[in-house]
Amino acid sequence: MYLPFPAASAADFQTFGRAIGISGASVTIPHKVSMLDYVDEADPVARRIGAINTISVEDRRWIGANTDAGGFLEPLRDCMALAGVRAAVLGAGGAARAVTVALASSGCSTRLHARNREQARQVAALASIEVGPWPPEPGSWDLLVNCTPIGMHPRVDETPIPADQITGRCVYDLVYNPPGTRLLREAAAVGCQTIGGLEMLAAQARDQFQRWTGRTPRAGVMREAALTRFAEFARNENHVVR
C-alpha cells in the first residue's frame with residue numbers, strides 16, 4: 001500500500017517510519033535535504049546531490065537514493081539536445097540540487113537563480129555553476145526550469161517569471177499540481193516548448209517502483225495513476241486511495 005504521510009520533520013518521519021516498519025518511501029519537499037541525515041546509507045548520486053527522494057529498506061537499514069535527476073532528464077532529452085544549451089534553474093531546494101547536477105553533467109551552461117543568495121551559492125557549488133540574479137534576465141536562457149513551489153496548489157495564480165520575461169526556447173515546470181501551471185500556459189502562449197512536472201513525476205516514480213519491487217511497471221501506468229489522483233484531489237483533497 002502506498003499512502004501519504006505528512007511529517008513535521010525528517011526526524012519525525014524517521015521515528016514514525018521505523019516504528020511501523022515501512023518497506024520504502026518517497027520523500028518530497030521540504031524534507032529532501034534533511035532526510036539525508038536520517039538514512040543508514042545513501043547511494044553516490046544522492047550523496048553528490050546532497051538530497052534524497054527515495055528510501056528503500058534492506059534488512060532494516062534505510063537506503064537513500066535520488067531518482068529526481070534521471071526522472072528530470074528523461075522527458076527533457078525527448079524535447080531538445082542539451083549540449084551547449086543555456087539553462088536557468090529557479091530555486092535552491094532539494095529538486096534544484098538534482099536538476100543543476102543533471103544539467104551540468106549533460107553539457108548545459110547552467111546558472112542558478114534564487115531569492116536566497118547564500119542558499120543559491122551552496123547549491124551552485126555542487127555542480128560548479130554560476131549564481132545569477134532573481135529573476136533571470138530576459139534573453140539570458142534557452143531553457144528555464146522552475147524548481148520552486150510557486151504556482152503549486154492552492155496558489156495556482158502565481159508564477160515565478162512574468163510573461164513578458166519569457167524569452168527562451170523551452171520552459172520546464174516541476175510543479176505537477178496543477179498539471180498545467182500559469183507559467184506553462186504563458187510560456188506556450190509566446191511559442192515556447194513546455195514540459196510539465198507530471199512527466200518528471202512519472203519518470204522518477206518508475207525508477208522508485210523498480211527499486212522497491214524489482215519489477216518494471218508497464219508503460220504509462222505511473223502517469224495514469226497520477227492523473228487519477230489529481231482528479232480525486234480536485235473533488236476532495238483529503239481523499240486517500242485504498
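Listing for the model above:
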{"read-out": "Selection count, region 170-197, where residues are touching a Leu at 6+ places or on another chain (Cβ under 7 Å), more than 18 Å from residue 229 (Cβ to Cβ) and not β-branched (Val, Ile, Thr)", "value": "3"}
{"read-out": "Some residue of region 199-209 being among the basic types (Lys, Arg) and under 19 Å from the mean Cα position of the chain (by Cα)", "value": "yes"}
{"read-out": "Matching residues, region 58-84, being closer than 17 Å to residue 145 by Cβ, in contact with a helix residue (DSSP H, G or I) (Cβ under 8 Å, 6 or more places away or on another chain) and not polar (S, T, N, Q)", "value": "68, 69, 70, 71, 72, 73, 74, 75, 82"}
{"read-out": "Residue under evaluation residue 124, criteria (1) of a type in the set (A, V, I, L, M, F, W, C); (2) within 26 Å of residue 78 (Cβ to Cβ); (3) crowded, with 20+ Cβ neighbours inside 10 Å, criterion not met", "value": "(2)"}
{"read-out": "Those residues of region 149-185 which are part of a helix (DSSP H, G or I) and over 22 Å from residue 115 (Cα atoms), in sequence order", "value": "185"}
{"read-out": "Region 54-71, residues that are in a strand (DSSP E or B) and without any contact (Cβ under 8 Å) to a residue 60 or more places away in the chain", "value": "55, 57, 58, 61, 62, 63, 64"}
{"read-out": "Subset of region 44-53 [closer than 20 Å to residue 201 by Cα and surrounded by fewer than 24 Cβ atoms within 10 Å (Cβ to Cβ)]", "value": "45, 50"}
{"read-out": "Failed criterion for residue 97 (all others in (1) basic (Lys, Arg); (2) out of contact with any helix residue (DSSP H, G or I) (no Cβ under 7 Å at 6 or more places or on another chain); (3) under 22 Å from residue 206 (Cα atoms) hold)", "value": "(2)"}
{"read-out": "Residues (at pLDDT 95 or above and either of a type in the set (Lys, Arg) or not in a loop (DSSP other than H, G, I, E, B) (or both)) located in region 21-43", "value": "24, 25, 26, 34, 35, 36, 37, 38, 41, 42"}
{"read-out": "Residue within region 65-73 that is surrounded by 24 or more Cβ atoms within 10 Å (Cβ to Cβ) and under 18 Å from residue 10 (Cα atoms) present", "value": "yes"}
{"read-out": "Scope region 186-228; condition surrounded by 14 or more Cβ atoms within 10 Å (Cβ to Cβ), more than 20 Å from residue 80 (Cβ to Cβ) and of a type in the set (D, E, K, R); matching residues", "value": "206, 207, 211, 223"}
{"read-out": "Residues located in region 153-175, provided they are out of contact with any Lys or Arg (no Cβ under 6 Å at 6 or more places or on another chain) and surrounded by 19 or more Cβ atoms within 10 Å (Cβ to Cβ)", "value": "160, 161, 166, 168, 170, 171, 172, 173, 174, 175"}
{"read-out": "Residue list for region 158-198, filter: acidic (Asp, Glu) and more than 15 Å from the chain's Cα centre (by Cα)", "value": "158, 164, 186"}
{"read-out": "Unmet criterion (only one of (1) part of a strand (DSSP E or B); (2) assigned by TED's automatic domain parsing to the domain that holds residue 125) for residue 104", "value": "(1)"}
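The values are calculated or read from the model by the stated rules, or taken from the named source; none is laboratory data. Since the model is a prediction, treat every value here as computed from it, not as a measurement. Neighbour counts are summed over all protein chains in view; Cβ atoms, including those assigned to glycine, are modelled from backbone coordinates with ideal geometry.
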